[in-house]
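The values are calculated or read from the model by the stated rules, or taken from the named source; none is laboratory data. No experiment lies behind these values; they were computed from the predicted model shown. Note that we place each Cβ from the backbone using ideal geometry, even for glycine, and neighbour counts take in every protein chain shown. Note: accessible area is taken over every heavy atom of the protein model, side chains too, but ligands, DNA and RNA are not part of it. Shrake-Rupley method; radii C 1.70, N 1.55, O 1.52, S 1.80 Å.
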Amino acid sequence: MTERPEKSKSVLDRRAFLRGVGLSAGAAGAAAMAVGSSNADAKAGTESRQGAGYRETEHVRRAYEAAGF
Amino acid sequence: MARMKFLCDAERCIHCSGCVTACKNEHEVPWGINRRRVVTINDGKPGQRSLSVACMHCSDAPCMAVCPVDCFYQTNDGIVLHNKDLCIGCGYCFYACPFGAPQYPSTGNFGGRGKMDKCTFCAGGPEEDHSKAELEKYGRNRIAEGKLPLCAEMCATKALLAGDGDMVSTIYRERVMARGFGSGAAGWGHAYGKKG
Amino acid sequence: MRWTTLLAVLMIALGCWSLPATAASSDGDVPTSAQSGRITDTDTWRAIRQGEAGFISGQPEQRGQLIQSEGEAWRAARNGKLAWYGGLALVGVVLAIGAFYLIRGKIMIEGGPSGRQILRFNKMERIGHWLTAGSFLVLAVTGLNLMFGRWLLEPIIGKTLFSWLAWAGKWLHNLSGFVFIAGLVVIFVLWAKDNLWDRYDLGWILHGGGLLKKGDHPPAAKFNFGQKTQFWMVIVIGTLVSSTGVSLLFPFTFADMAGMQVMHLIHAALAVLMVMAILGHIYIGTIGMEGASTAVTTGYVDRKWASLHHSVWVEETEAKEPKAAE
Ligand code: SF4
Ligand code: SF4
């Protein structure tokens, strides 16, 4: 995996993420999650009940199919 | 992550107003309010085109920026929703919105407009998914049901597209290629711009 | 006869020939909308982008406009220039007043009050002052809340409470607007003639209003030049803020969308100016000067204060009613 080269590249970054997020999974995964959640916070402010959100269900796929010709 | 977008294909829209009616019925939209509308430009003249418009769920949404009580929020899917419990009916979002989306139950005097209402991309509001409160204030939450906005799903000519922005633009691009002309989509660049 | 028919046929044929070549599909395709001139060209998109309105059925005609871009200019002005410069100006004025207080201190009655009272404002004048002033305070606080509350107050007290406050504030703002207009009319009728330019004004200006040096008291009649400026500021800006305010209260009755946006900006910008001026007025009427505030509370001021600041007025009043000073 690409885990090893990344470790050596950004040991400091990774440590910060690990400390903050509390995940001991791969450094890349933790980084992605931290970035994702911080972006959402900046955009959505304090109140952002997300609900179930969009999922590409069978129903949705059929709708796309019907729309494309 | 999927970014929800609307697109209306002007080459297909026939101004049947099916989308307006579908929306009105699905969400029991209050009297006097239409979350969606269809406009025909150059009516009866060469170059006549019809377009269906509602809230475009803008990136960097102007409504969100000017609301004095900060009652808007954008979901992870890019859908711009608002909290009617916080809204004071000041009308600012309507002044700022490029697409004239926000509507008010009464156009009465003294700023007595009532709580703002607009298209939710069929994604309800801040209340619990499928709760009675959500249904009454914002209408049905089809997104949580794993469906797409009803206006687009019911569009007879499939002029109105809704859903994951990547899917929508793929479908539209295929159409444009098959036609061999035209690539503009009203409001698309304006709503989503370079802002993603 | 024959010749003319032939000519007509020829002309029709030529006419067809000169039609766009694209229309004649040679390879047997079904003509597409592109070939029949149904291309939505860039001009169409540009027109829509620039606010072209179209036909709309069953809904208000104004909704026929597809895109209005002025809203974003309005947003940029309100959240940008107005919020920033307005905010800075207000903070600046408060700091300037603070600095003035530190340097000049409270302006005292030299030699202390005389203990003899003189009627400065009768009941009607005081009512006029407080109709205007009271409603203005409410308008200023609730208005500033609508502009800055989201950034300053909401993070502290939370969204629910803030929304309630803003809602109540909106109603107070809407109602006190009318009180303010009534106040404006009253003070205009009562005080306009006392606020016309007179021969003492130039001296007052040359002395910097006596604000700069201790013990400097240029003569003045009922109102000095500073007060006159304040008065006409209130009348002129107050009228503009009121009229824009009234048209904001009745959305789209007096103006269209662009009008509403411009009116809102004028309303807010002038209101900020007015708050700045009134902050100075409140300062000099209360903590900035000994003996001034009672003029609008009890209506009476100390005779010594009056003879220092409004010497001509005292002479005139006492000449008219010699007993009033007793
Ligand atoms: S279309 Fe209007 S209401 Fe919808 S997100 Fe954009 S600015 Fe807000
Ligand atoms: S009308 Fe409601 S949602 Fe719109 S800006 Fe005012 S408070 Fe916010």
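Calculate, in nm to one decimal, what residue C:286 and residue C:262 gain on full extension: separation in residues at 0.36 nm each, minus their alpha carbon distance.
5.1 nm
Within the listed set B:18, B:125, B:44, the Gaussian network model of chain B (springs between alpha-carbon atoms below 10 Å) gives the highest mean-square fluctuation for B:44.
For the pair residue C:70 and residue C:127 in one chain, pulling the backbone fully straight at 0.36 nm per residue adds 16.3 nm over the alpha carbon distance. By the rule of a C-alpha distance below 12 Å, with chain neighbours fewer than 8 residues away ignored, the aspartates and glutamates paired with residue B:147 are A:56, A:58, B:164. Select from the range C:246-326 those chymotrypsin sites (Phe, Trp or Tyr not before Pro) which occupy a DSSP coil region and have at most 15 other Cβ atoms within 10 Å, ordered by residue number. Here the sparse-neighbourhood loop sites are C:252, C:254.
Shielding value for C:313-319 is 0, the average number of Cβ atoms from other chains within 10 Å of each residue's Cβ. On the beta carbon distance between residue C:116 and residue C:141, with R0 = 51 Å, the FRET formula returns roughly 0.85. A Stokes-Einstein calculation at 20 °C with viscosity 1.002 mPa s, built on the Kirkwood radius of chain B over Cα pairs, returns a diffusion coefficient of 125 µm²/s.
Within the listed set B:121, B:181, B:72, the residue fluctuating most in the Gaussian network model of chain B (springs between alpha-carbon atoms under 10 angstrom) is B:181.
For residue B:43, the residues whose amide H sits under 5 Å from its own are C:55, ignoring neighbours fewer than 5 places away on the same chain, with H placed 1.01 Å from N. Our compactness index for chain C, the C-alpha radius of gyration over the empirical 2.2 N^0.38 Å, is 1.66. Within the straight-line cut-off of under 16 Å between alpha carbons, the aspartates and glutamates reachable from residue B:45 are B:11, C:41, C:43, C:52, sequence neighbours fewer than 8 places apart in one chain being disregarded.
Setting aside same-chain residues fewer than 8 positions from residue C:159, which aspartates and glutamates have a Cα under 18 Å from its Cα? Cross-link targets: A:41, A:47, B:70, B:85, B:127. By the Cβ distance rule of under 4.7 Å, chain B has these cysteines without a partner: B:8, B:13, B:16, B:23, B:58, B:67, B:71, B:87, B:90, B:97, B:122, B:155. Can you pull the one-decimal nm distance between simple spin-label points at residue C:237 and residue C:298, each 7 Å off the Cα toward Cβ? So the label points at residue C:237 and residue C:298 sit 3.2 nm apart. Angle of helix B:165-179 to the longest C-alpha principal axis of chain B, folded into 0 to 90 degrees and rounded to 10: 30°.
Multiplying the residue separation of residue C:320 and residue C:175 by 0.36 nm and removing their Cα-Cα distance gives an extension gain of 48.1 nm. Peptide B:51-58 is shielded by partner chain Cβ atoms: per residue, an average of 1 of them sit within 10 Å of its Cβ. List the residues of the range C:170-197 that lose 10 Å² or more of accessible area once all protein chains are present, compared with their chain alone (1.4 Å probe, heavy atoms only, no ligands or nucleic acids). Going by heavy-atom accessible area, the residues of the range C:170-197 that drop by at least 10 Å² are C:170, C:171, C:174, C:175, C:178. Of C:155, C:295, C:144, whose Cα points farthest to the positive end of the dipole of the range C:113-317 (charges on the beta-carbon: +1 Lys, Arg; -1 Asp, Glu; origin at the Cα centre)? The residue sitting farthest along the positive end of the dipole is C:295. Model label sites at residue C:104 and residue A:69, defined 7 Å from Cα along the beta-carbon direction, differ in position by 7.8 nm. In this simple spin-label model, placing a label point 7 Å from the Cα along the Cα-to-Cβ direction at both residue C:252 and residue A:59 gives a separation of 3.4 nm.
Charged side chains reduced to their Cβ positions (Lys and Arg at +1, Asp and Glu at -1) give chain C a dipole of some 680 debye around its Cα centre.
Between 0 and 90 degrees, rounded to the nearest ten: what's the tilt of helix B:18-27 against the longest Cα principal axis of chain B? Helix B:18-27 and the main axis of chain B meet at about 30 degrees. Per-residue ellipticity at 222 nm from helix content only, as computed over chain B with -39500 (n - 2.57) for each DSSP H run of at least four residues, stands at -7000 deg cm²/dmol.
Among complete DSSP H helices in chain C, those whose alpha-carbon atoms stretch at least 18 Å along the helix's long axis and whose mean Kyte-Doolittle hydropathy reaches 1.6 are C:83-104, C:257-285.
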